[in-house]
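Asker: The structure that follows is given in the form of structure tokens.
The values are calculated or read from the model by the stated rules, or taken from the named source; none is laboratory data. On a predicted model such as this, the values are computed, not experimentally measured, just so you know. Glycine also receives a Cβ, built like all others from the backbone with ideal geometry; neighbour counts cover every protein chain displayed.
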């Protein structure tokens, strides 16, 4: 388990499945992370049970310290051991849990894990559409805007830009 001042990162449990399934089927949550597509229970169960079997993915549950309630997850995906790179993503499920610095601390813990435990030298992330709160969070932990992929995602009936952000390991030289 990884702990910060407000949150801890640990494994997802079977009991987290129903809440994750509900979040992933909310149009507002889906559109914040790209295109919204409802998922059925069979596909969700395959994804959920396969998380631990994928060596190119690490997924942490985000919880408040001392509280078992799931706030969301942070994941490190597309881990390329040869290049020492990966893609970072985060989801805070409920609107009431956003805007409190919980996601920012979870991202920082995941960054530290990426350097220390995965020995990565670069993290990339993608911000879909106009999401200034996400951009501020990522800039605040050291990511830099590397570019914009114009009209790269189709969501909510229109094309939207995708901002590409990157972070290099400080001592990677």
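Asker: Tell me which residues, restricted to the range 135-155, are part of a strand (DSSP E or B), touching a residue at least 12 places away in the same chain (Cβ under 8 Å) and surrounded by fewer than 17 Cβ atoms within 10 Å (Cβ to Cβ).
Answerer: Passing the criteria: 144, 145, 146, 147, 148, 149, 154.
Asker: Tell me which residues, restricted to the range 49-71, are outside any loop (DSSP other than H, G, I, E, B) and at pLDDT below 95.
Answerer: The answer is 49, 50, 51, 52, 53.
Asker: Given (1) more than 19 Å from residue 133 (Cα to Cα); (2) part of a strand (DSSP E or B); (3) touching a residue at least 40 places away in the same chain (Cβ under 8 Å), where does residue 77 come up short, assuming only one miss?
Answerer: Here residue 77 clears every test but (3).
Asker: Let me ask you something else. Residue 145: touching a helix residue (DSSP H, G or I) at 6+ places or on another chain (Cβ under 9 Å) and over 20 Å from residue 61 (Cβ atoms), yes or no?
Answerer: Considered against the rule, which asks whether it is touching a helix residue (DSSP H, G or I) at 6+ places or on another chain (Cβ under 9 Å) and over 20 Å from residue 61 (Cβ atoms), residue 145 comes out as yes.
Asker: Residues in the range 115-125: is at least one at pLDDT 90 or above, assigned to a helix (DSSP H, G or I) and on the phi < 0 side of the Ramachandran plot?
Answerer: Yes, the conditions are met somewhere in the range 115-125.
Asker: Sticking with this structure for a sec: Go through the residues of the range 101-115 one by one and say whether even a single one is touching a residue at least 12 places away in the same chain (Cβ under 8 Å), within 16 Å of the chain's Cα centre (by Cα) and farther than 17 Å from residue 2 by Cα.
Answerer: No: zero hits.
Asker: A further question on this structure: Could you count how many residues in the range 156-173 are in a strand (DSSP E or B), within 28 Å of residue 109 (Cα to Cα) and out of contact with any helix residue (DSSP H, G or I) (no Cβ under 9 Å at 6 or more places or on another chain)?
Answerer: Qualifying residue count, the range 156-173: 5.
Asker: Let me ask something else. Go through (1) surrounded by 13 or more Cβ atoms within 10 Å (Cβ to Cβ); (2) modelled with pLDDT under 90 for residue 132 and report which single condition fails.
Answerer: That leaves (1) as the condition not met.
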